[in-house]
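Working notes for the structure below.
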Amino acid sequence: MKRESVWGSYHAEDVDRLEKLNKRYIDFLSQCKTERECVTEAVSMAKQKGYRALEDVIREGKPLKTGDKIYGVYMNKALALFQIGREPLEQGMNILGAHIDSPRMDVKQNPLYEIEDMAYFDTHYYGGIKKYQWVTIPLAIHGVIVKKDGTTVNVNIGEKDTDPVFCVTDLLIHLASKQMEKKAAVAIEGEKLDVLVGSIPIKEEEKDNVKMGVLKILKDKYGMDEEDFFSAELEVVPAGKAREMGFDGSMVMAYGQDDRVCAYTSLEAMLDCPNTDTTSCCLLVDKEEIGSVGATGMQSRFFENMVAELINLNGNYSELRLKRCLSNSKMLSSDVNAAFDPLYADVFSKQSTSYIGKGVVFNKFTGARGKSGSNDANAEYIAKIRKIMDDNEVHFQMAELGKVDAGGGGTIAYIMSLYGMEVIDCGVAVLNMHAPWEVTSKADVYEAYKCYKAFLKS
């Protein structure tokens with residue numbers, strides 16, 4: 001079943017709403033390049049819409065009522081938003097779940113070293129990347145430094161026009177004959193993804209005097225000593241703003257659209273959600289790119305614990321009510337899908353792939369090859385989703401991630417399905433997925449927002 005480009009279906013007012021949404025989205029991408037930055041901005045947006053911190057609501061101890069808006073932050077890297085519906089919580093929730101981490105390079109805990117009057121940060125890449133894509137491009141450093149006294153210093157270097165940028169160097173073509181013979185996977189080794197950060201010595205007679213110069217700058221600017229790297233989280237990301245792409249401005253090119261495109265549209269849909277019968281929830285989580293592990297990943301119990309607190313606020317908590325709430329819930333696991341690229345058509349099954357500009361993408365199942373690691377949504381749930389989309393004039397397509405034997409991937413759906421809830425993968429088609437600069441269609445961003453809003457209201 002062929003799906004047509006959605007652009008031809010839009011009226012002037014649709015295009016106006018589309019452009020306004022994408023402008024806000026581009027601004028969000030430009031300033032939110034880490035999980036912490038995403039959470040900070042999302043909380044700010046939520047507060048403007050009347051959301052209150054879960055800990056404040058617990059402290060007051062008042063029963064929840066229809067329309068109450070609550071947010072819970074976990075370790076500053078994961079966020080859950082709730083809008084209480086008319087029905088009891090144990091009847092379930094409508095949940096949007098997206099991740100806010102993206103492939104990058106992380107600065108190690110003892111990173112700064114000097115070789116031949118050049119100072120470097122030692123890094124460890126995070127998530128699935130093509131290492132050769134990260135060399136010679138301008139890089140920025142974002143994150144936090146937490147000192148022993150608990151003071152947190154925010155770091156953001158490389159985004160302003162007046163800021164310096166950084167880079168990973170590469171070998172010149174004239175001397176790269178052996179490198180060019182290597183497979184792409186090993187042409188650039190992980191241990192060579194070190195970031196060049198300085199070259200001016202401060203005292204010629206001292207050992208590591210370029211390193212000492214960098215440490216002096218860090219001391220003057222951030223009040224940090226070298227040992228403060230032990231308790232720092234510094235992420236190396238592409239420098240520069242998100243931009244419109246194409247002569248017609250129909251696309252968005254930016255870092256981190258996997259999966260901030262679904263996170264942002266889910267957030268906008270949640271904040272625009274009216275009072276509903278079913279409690280609405282939006283989850284923005286960390287660590288999806290490395291298996292959803294750790295305290296802030298979806299495999300953590302933080303979400304389950306927050307829901308337990310909500311049930312308890314009405315004075316009727318039990319483990320059974322919690323289990324009923326989770327098993328009766330319905331979810332869109334909102335993550336991106338690989339868009340068909342005509343230049344690499346051989347890895348796609350054209351009949352079962354997603355295309356940019358043809359609406360939000362649903363994946364009945366994900367996983368790899370023989371559905372390994374897959375969530376597989378049941379036909380009954382998909383039928384309900386189809387009706388919601390059609391009733392709300394949301395353009396959508398059904399797809400898989402490439403040819404069966406070519407590889408695969410997944411989202412947080414398989415984790416949430418363990419509660420027994422209905423879950424389907426749903427998101428936006430992306431070109432250049434996992435590259436420093438990814439590409440989406442403005443139309444798909446708009447359709448994703450429409451999809452998520454329609455789902456929450458259902």
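The values are calculated or read from the model by the stated rules, or taken from the named source; none is laboratory data. Given the structure is predicted, the values throughout are model-derived calculations rather than measurements. Cβ sites come from the backbone with ideal geometry, for glycine too, and all protein chains shown count toward neighbours.
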Looking at (1) buried (at least 23 other Cβ atoms within 10 Å of the Cβ); (2) assigned to a strand (DSSP E or B), can you tell me which one Ala263 breaks?
-> (2)
Residue hits (segment 133-172; assigned to a loop (DSSP other than H, G, I, E, B), at positive phi and surrounded by 15 or more Cβ atoms within 10 Å (Cβ to Cβ)) are Gly158
If Ala53 passes every condition in (1) farther than 29 Å from Val261 by Cα; (2) surrounded by 15 or more Cβ atoms within 10 Å (Cβ to Cβ) but one, which one does it miss?
-> (1)
Tell me which residues, restricted to segment 1-21, are among the hydrophobic types (A, V, I, L, M, F, W, C) and either under 26 Å from the mean Cα position of the chain (by Cα) or surrounded by 13 or more Cβ atoms within 10 Å (Cβ to Cβ) (or both).
-> Val6, Trp7, Val15, Leu18, Leu21
Determine whether segment 357-373 contains at least one residue that is assigned to a helix (DSSP H, G or I) and under 24 Å from the mean Cα position of the chain (by Cα).
-> no
Filter result for the condition that a residue is acidic (Asp, Glu), assigned by TED's automatic domain parsing to the domain that holds Thr440 and assigned to a loop (DSSP other than H, G, I, E, B), over Glu400, Glu380 = Glu400
Does segment 266-291 hold any residues that are among the hydroxyl-bearing types (Ser, Thr, Tyr) and either without any contact (Cβ under 8 Å) to a residue 12 or more places away in the chain or not in a helix (DSSP H, G or I) (or both), and which are they?
-> Thr276, Thr278, Thr279, Ser280
Quick one: count up the residues across segment 165-216 that are basic (Lys, Arg) and closer than 22 Å to Val107 by Cβ.
-> 3
Looking at this structure, is Leu81 of a type in the set (A, V, I, L, M), outside the structural domain of Gly198 (by TED's automatic domain parsing), in a strand (DSSP E or B) and crowded, with 17+ Cβ neighbours inside 10 Å?
-> yes
Pull up segment 297-311, narrow it to residues that are out of contact with any Ser or Thr (no Cβ under 8 Å at 6 or more places or on another chain) and polar (S, T, N, Q), then point me to the one that is modelled with the lowest pLDDT.
-> Ser300
Can you name every residue in segment 111-132 that is touching a Gly at 6+ places or on another chain (Cβ under 8 Å), buried (at least 17 other Cβ atoms within 10 Å of the Cβ) and part of a strand (DSSP E or B)?
-> Ala119
Can you name the residue in segment 191-212 that is part of a helix (DSSP H, G or I) and in contact with a strand residue (DSSP E or B) (Cβ under 6 Å, 6 or more places away or on another chain) and is also nearest to Thr123 (Cα to Cα) among such residues?
-> Lys211
Taking segment 403-424 and the residues there that are of a type in the set (A, V, I, L, M, F, W, C) and not in a helix (DSSP H, G or I), the one that is modelled with the lowest pLDDT would be Ile412
From the options Gly357, Gly294, residue that is free of Cβ contacts under 8 Å to residues at least 12 places away in the same chain and in contact with a Ser or Thr (Cβ under 8 Å, 6 or more places away or on another chain) | Gly294
Name the residues in segment 61-71 that are touching a strand residue (DSSP E or B) at 6+ places or on another chain (Cβ under 9 Å) and free of Cβ contacts under 8 Å to residues at least 24 places away in the same chain, would you?
-> Asp68, Lys69
Determine, yes or no, whether Arg24 is under 23 Å from Val361 (Cα atoms), within 21 Å of the chain's Cα centre (by Cα) and not in a strand (DSSP E or B).
-> yes
What do you reckon, is Met298 among the hydrophobic types (A, V, I, L, M, F, W, C), on the phi < 0 side of the Ramachandran plot and in a loop (DSSP other than H, G, I, E, B)?
-> yes
Confirm whether Arg260 is more than 22 Å from Val195 (Cα to Cα) and touching a helix residue (DSSP H, G or I) at 6+ places or on another chain (Cβ under 7 Å).
-> yes
Quick count over segment 198-224, residues being under 34 Å from the mean Cα position of the chain (by Cα), exposed (fewer than 13 other Cβ atoms within 10 Å of the Cβ) and over 18 Å from Pro164 (Cα atoms), is 1
